[in-house]
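The values are calculated or read from the model by the stated rules, or taken from the named source; none is laboratory data. Predicted model only: the values in this text are computed from it and were never measured. Backbone-built Cβ (ideal geometry, glycine too); neighbour counts: all protein chains shown. These accessible areas exclude ligands, DNA and RNA; they are computed on the full protein's heavy atoms, side chains included. Shrake-Rupley method; radii C 1.70, N 1.55, O 1.52, S 1.80 Å.
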Amino acid sequence: MKYAFVTGGSRGIGRAVCIKLAEQGYHILINYKSNEAEAKITQALVREKGVDAELLPFDVSDKAAVDAMLGGWIENNKDKVIEVLVNNAGIRQDALLMWMTDEQWKSVLGSSLDAFYYVTRLVVTGMLTKRYGRIVNVVSLSGLKGMPGQTNYSAAKAGVIGATKALAQEVARRGVTVNAVAPGFIRTDMTHDLNEAELKSLIPMQRFGEPNEVADAIAFLASPKASYITGSVLSINGGLYS
Ligand code: NAP
């Protein structure tokens, strides 16, 4: 019983990833924070691929919740193995640094950087024991370039990039790879409030990306085919930044 665990799998990029990994034959554990209706849609789309889909709602930035829900699942499912982990959950709370509130800083760092730590340390142990695993972290162009108005988001994603590179070296000998993908502007709820007509002129491909275009790259990095790729950060941004 091989599972892929996707954080933030209810919507957007996470949903597309759940479906692609189901096509690779993985049963899917779908995490989300609160949007049960959307999570159930993802669950139905995954089941259409002929695999199992379990919902695992919890806040990835809450250590106690991660330990209870994810730790509990691992403890109660010793016959199952999580072979793929996609750390995808994340939020934006944009503000210039001089106006930023502690809550905006903490919630953005929490849902990306703290979450990477809380979730990955629980899952990587089983991968090391089995001597196989694929971890893909969804970061951002903002974490590579830095974006004004996003010091919190840029710091969170840059932090995960550093952690990706460090962990990759820690676990490489045991057949576990750790990579990151860095999307630019992708058409999801997260970018709904942005002016696409204006912003697309900045993008060499002259358009926002689609969740599937990110999910395809994640599915490759999560597959056995990506066996000699680790510690890398793959930009998926239509040529916006390299
Ligand atoms: P989205 O459509 O807004 O979906 C966000 C997902 O994350 C939802 O499933 C949401 O669950 C979940 N989530 C948020 N906070 C969570 C928490 N604390 N605990 C558990 N789940 C949580 O976002 P998206 O555009 O697909 O983004 C996915 C990832 O790609 C994020 O890490 C984002 O930073 C990154 N990214 C996106 C873009 C872009 O242009 N869209 C660009 C670069 C990077 P609920 O449905 O329950 O709220």
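Might you check whether a residue that is assigned to a strand (DSSP E or B), β-branched (Val, Ile, Thr) and within 20 Å of the chain's Cα centre (by Cα) occurs anywhere in the range 208-218? For the range 208-218, residues assigned to a strand (DSSP E or B), β-branched (Val, Ile, Thr) and within 20 Å of the chain's Cα centre (by Cα): absent.
Going by the conditions given, is MET190 among the hydrophobic types (A, V, I, L, M, F, W, C), closer than 22 Å to LEU240 by Cβ and outside any helix (DSSP H, G or I)? The answer is no for MET190. Can you say whether GLN206 is in contact with a helix residue (DSSP H, G or I) (Cβ under 6 Å, 6 or more places away or on another chain) and either at pLDDT 95 or above or open to solvent by 10 Å² or more (accessible area, probe 1.4 Å) (or both), as far as the supplied structure shows? Spelling it out, GLN206 is indeed in contact with a helix residue (DSSP H, G or I) (Cβ under 6 Å, 6 or more places away or on another chain) and either at pLDDT 95 or above or open to solvent by 10 Å² or more (accessible area, probe 1.4 Å) (or both). Considering the range 42-55, and only residues there that are surrounded by fewer than 18 Cβ atoms within 10 Å (Cβ to Cβ) and within 20 Å of VAL138 (Cβ to Cβ), the residue that is nearest to the ligand (Cβ to nearest atom) turns out to be LEU55. Pairs meeting the criteria (first residue in the range 146-163 and more than 13 Å from ARG92 (Cα to Cα), second residue open to solvent by 20 Å² or more (accessible area, probe 1.4 Å), beta carbons under 6 Å, at least 6 apart or on different chains) are GLY159/LEU113; VAL160/LEU113; VAL160/PHE116; ILE161/VAL233; ALA163/PHE116. I'd like to check something: does the range 22-41 contain any residue that is closer than 21 Å to VAL124 by Cβ, open to solvent by 40 Å² or more (accessible area, probe 1.4 Å) and at pLDDT below 95? So far as the range 22-41 goes, no, none of its residues is closer than 21 Å to VAL124 by Cβ, open to solvent by 40 Å² or more (accessible area, probe 1.4 Å) and at pLDDT below 95.
Before we move on, is LYS200 more than 11 Å from the ligand (Cβ to nearest atom), free of Cβ contacts under 8 Å to residues at least 24 places away in the same chain and not in a loop (DSSP other than H, G, I, E, B)? If you could, list the steps in order and put the result at the bottom.
Details: more than 11 Å from the ligand (Cβ to nearest atom): yes; free of Cβ contacts under 8 Å to residues at least 24 places away in the same chain: yes; not in a loop (DSSP other than H, G, I, E, B): yes.
Spelling it out, LYS200 is indeed more than 11 Å from the ligand (Cβ to nearest atom), free of Cβ contacts under 8 Å to residues at least 24 places away in the same chain and not in a loop (DSSP other than H, G, I, E, B).
Quick check, is ARG134 without any contact (Cβ under 8 Å) to a residue 60 or more places away in the chain and either within 10 Å of the ligand (Cβ to nearest atom) or over 10 Å from GLY231 (Cα atoms) (or both)? No. Hey, can you tell me all the residues within the range 94-117 that are more than 9 Å from the ligand (Cβ to nearest atom) and either touching a Pro at 6+ places or on another chain (Cβ under 8 Å) or under 20 Å from ALA39 (Cβ atoms) (or both)? Passing the criteria: only LEU96.
Counting only residues that are within 12 Å of the ligand (Cβ to nearest atom) and among the small types (Gly, Ala, Ser), the range 161-197 holds 3 of them. Residues of the range 102-131 that are in contact with an Asp or Glu (Cβ under 8 Å, 6 or more places away or on another chain) and under 15 Å from ALA168 (Cβ atoms): MET127 alone. Of the helices (runs of 4 or more DSSP H) lying entirely inside the range 94-186, those containing at least 3 residues that are open to solvent by 30 Å² or more (accessible area, probe 1.4 Å) are 102-109, 115-130, 151-171. So, in the range 63-93, exactly how many residues are within 13 Å of the ligand (Cβ to nearest atom), assigned to a loop (DSSP other than H, G, I, E, B) and without any contact (Cβ under 8 Å) to a residue 12 or more places away in the chain? Number of matching residues: 0.
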